[in-house]
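Let me begin by presenting the structure, written as structure tokens, before commenting on it.
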Amino acid sequence: MHIIQFVETHAHLDMMKRELKEVIVDARQKGVDKIITIGVDIESCKKNISIAERFDNIYTAIGFHPHDSKKMKEEEILLLEEMVAHPKNVAIGEIGLDFYYNHSAPQVQKKAFRRQIDLANKYNLPIIIHDRDAHEDTIKILAEKARGRRVVLHCFSGDINMAKWCVEEGFYFGIGGVVTFKNAHTLSKVVQEIPLKSILLETDAPFLTPHPYRGKPNEPKYIPIIAEKIAQIKGKSVREIAQITTENAHQVFGLS
Ligand code: NI
């Protein structure tokens with residue numbers, strides 16, 4: 001077993017282009033021991049649950065991505081509720097708001113976001129948030145419904161002020177490949193400022209591949225590259241980054 005172990009808190013294993021077994025073996029060889037695979041709609045949640053049933057140390061988050069909010073009707077909510085209780089499901093996500101693409105209308109996104117936070121609160125599960133160009137409304141809805149809850153801001157893209165508010169609320173920051181990009185000035189500053197005990201590692205694979213592999217499909221095996229970059233920004237060792245972010249992930253998602 002690898003001495004340094006990481007938890008990959010955000011991958012879409014159902015969307016991998018390569019043979020899944022190879023993806024998981026390659027990740028483990030890099031010390032990426034546990035992976036949470038994230039749903040975006042009913043179909044992807046079902047696929048992810050079957051993946052989690054096939055492999056050890058793979059967990060799921062279920063939910064409707066803001067892009068897919070328009071597909072979430074009463075029937076889908078019932079299906080989500082059936083999946084929530086699966087023994088390998090550890091969160092509701094990814095849920096939130098995306099006003100950059102607006103693939104679903106903003107009002108529809110907000111309604112689905114609120115509804116899914118209620119579901120998470122009902123089952124006492126953490127939520128994984130997708131927020132793109134929607135900081136104000138995201139904060140408003142979190143302040144209204146998720147205070148004192150376990151909240152992960154996946155692929156955090158807010159500024160320092162938003163980051164400070166999230167730290168005060170005890171929320172977690174999913175930090176991924178974007179931190180390795182040359183123009184990621186605001187994110188580097190955020191990572192510098194926030195405490196290590198608020199940070200989780202994630203790739204968002206197959207998207208957002210870290211430097212120097214941009215242009216290739218992303219995979220959980222690249223988690224150590226993100227840890228190295230965070231170590232560099234915070235002036236710590238990769239081992240320390242791994243230890244603390246792994247503890248954080250265990251705490252947020254109740255992994256053992
Ligand atoms: Ni994602």
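One table, with the values for the structure above:
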item	result
Filtered residues of segment 32-54 (kept if touching a helix residue (DSSP H, G or I) at 6+ places or on another chain (Cβ under 7 Å), part of a helix (DSSP H, G or I) and farther than 14 Å from L80 by Cβ)	K47, I51
For D56: the one exception among (1) surrounded by fewer than 20 Cβ atoms within 10 Å (Cβ to Cβ); (2) touching a strand residue (DSSP E or B) at 6+ places or on another chain (Cβ under 8 Å); (3) acidic (D, E)	(2)
Residue list for segment 219-245, restricted to those being in contact with a Phe, Trp or Tyr (Cβ under 6 Å, 6 or more places away or on another chain) and within 16 Å of the ligand (Cβ to nearest atom)	I223
Neighbours by Cβ (under 8 Å, 6+ apart or cross-chain): first from segment 63-90, farther than 27 Å from A134 by Cα and in contact (Cβ under 8 Å) with a residue 24 or more places away in the chain; second of a type in the set (D, E) and more than 16 Å from the ligand (Cβ to nearest atom)	K88/E53
Residue that is surrounded by fewer than 23 Cβ atoms within 10 Å (Cβ to Cβ) and outside any helix (DSSP H, G or I), where the choices are F207, F173	F207
Pairs, first assigned to a helix (DSSP H, G or I) in segment 127-146, second within 16 Å of the ligand (Cβ to nearest atom), C-beta under 6 Å, six or more apart	D137/L97; T138/L97; T138/D131; I141/F113
Cross-chain or 6+ apart pairs with Cβ under 8 Å, segment 29-43 first and over 30 Å from L78 (Cβ atoms), then within 13 Å of the ligand (Cβ to nearest atom)	V32/E8; V32/P220
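Just so you know, all these numbers are worked out from the coordinates, no wet-lab data involved. All values reported here derive from a predicted model rather than from experimental measurement. Cβ atoms come from the backbone with ideal geometry, glycine included; neighbour counts cover every protein chain shown.
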